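The values are calculated or read from the model by the stated rules, or taken from the named source; none is laboratory data. Since this is a predicted model, take the numbers as computed values, not measurements. A quick note on method: Cβ atoms are made from the backbone with ideal geometry, for glycine too, and the neighbour counts reach across all protein chains shown. What goes into the accessible areas is simple: the full protein's heavy atoms, side chains included, and nothing from ligands, DNA or RNA. Shrake-Rupley method; radii C 1.70, N 1.55, O 1.52, S 1.80 Å.
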Amino acid sequence: GMGPLLGCDVHDVGGYPEGTERINEPGIRSLRTTRVLEEGMVLTIEPGCYFIPALLEPALRNPEQARFINAEALQRFQGTGGVRIEDDIAITADGCELLTCVPRTVEEIEALMAEGRREPLASK
């Protein structure tokens, strides 16, 4: 989802201007900002998938929720904690500019990972 504003601090304040009330509903109460975005603002976009036992265990026991969960696939990933792909963007007059420069495709990620497996160069 949309993350916090970036500024003088890594997680800058200002996502909730004075007078703005937080909505206390699941999926909405954790929003980092509800303000109208303006040109020049910088913020994060943070899509993620998290495996939180305290949330998953009750859902797996609830038949209405469990039908949406692939328990077998969940078991494969549950110990990882999850994954988040975070991008920083700058709001422009006609949209936004991506400030993050990281590999995005499976091929790009695998190539980067393969570079980390290279043997160190011998000292001369």
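Assess whether Ile69 counts as being open to solvent by less than 100 Å² (accessible area, probe 1.4 Å), at pLDDT 90 or above and over 27 Å from Pro4 (Cβ atoms). Taking the combined requirement at face value, the residue satisfies it.
Would you be able to say whether some residue in the range 90-101 is in contact (Cβ under 8 Å) with a residue 60 or more places away in the chain and surrounded by fewer than 13 Cβ atoms within 10 Å (Cβ to Cβ)?
In the first step, residues of the range 90-101 are kept if they are in contact (Cβ under 8 Å) with a residue 60 or more places away in the chain; the result is none.
No: the range 90-101 contains no residue that is in contact (Cβ under 8 Å) with a residue 60 or more places away in the chain and surrounded by fewer than 13 Cβ atoms within 10 Å (Cβ to Cβ).
Look at the range 55-74: where a residue is over 17 Å from Gly27 (Cα atoms) and without any contact (Cβ under 8 Å) to a residue 60 or more places away in the chain and a partner is aromatic (Phe, Trp, Tyr) and surrounded by 11 or more Cβ atoms within 10 Å (Cβ to Cβ), sitting 6+ places away or on another chain with Cβ atoms under 8 Å, you get Leu74/Phe51. The single condition among (1) charged (D, E, K, R); (2) surrounded by 11 or more Cβ atoms within 10 Å (Cβ to Cβ); (3) in contact (Cβ under 8 Å) with a residue 40 or more places away in the chain that Arg35 does not meet is (3).
A quick yes/no check of all residues on (1) at pLDDT below 75; (2) more than 18 Å from Asp88 (Cβ to Cβ):
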residue	(1), (2)
Pro17	yes, yes
Asn24	no, yes
Gly27	yes, yes
Arg32	yes, no
Glu39	no, no
Thr44	no, no
Phe51	no, yes
Ala54	no, yes
Glu57	no, yes
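Among the residues of the range 39-64, those that are under 20 Å from the mean Cα position of the chain (by Cα), part of a loop (DSSP other than H, G, I, E, B) and farther than 17 Å from Gly79 by Cα comprise Met41, Glu46, Pro47.
Any idea which residue in the range 86-124 is modelled with the highest pLDDT, counting only those that are over 23 Å from the mean Cα position of the chain (by Cα) and part of a helix (DSSP H, G or I)?
First, pick out the residues of the range 86-124 that are over 23 Å from the mean Cα position of the chain (by Cα): 93-94, 114-124.
If we keep only those that are part of a helix (DSSP H, G or I) too, we end up with 114-115.
Numbers: Ala114: 88, Glu115: 85.
So the residue we want is Ala114.
Screening Val36 against (1) aliphatic (A, V, I, L, M); (2) within 30 Å of Gly19 (Cα to Cα); (3) not in a loop (DSSP other than H, G, I, E, B) leaves a single unmet condition, (3).
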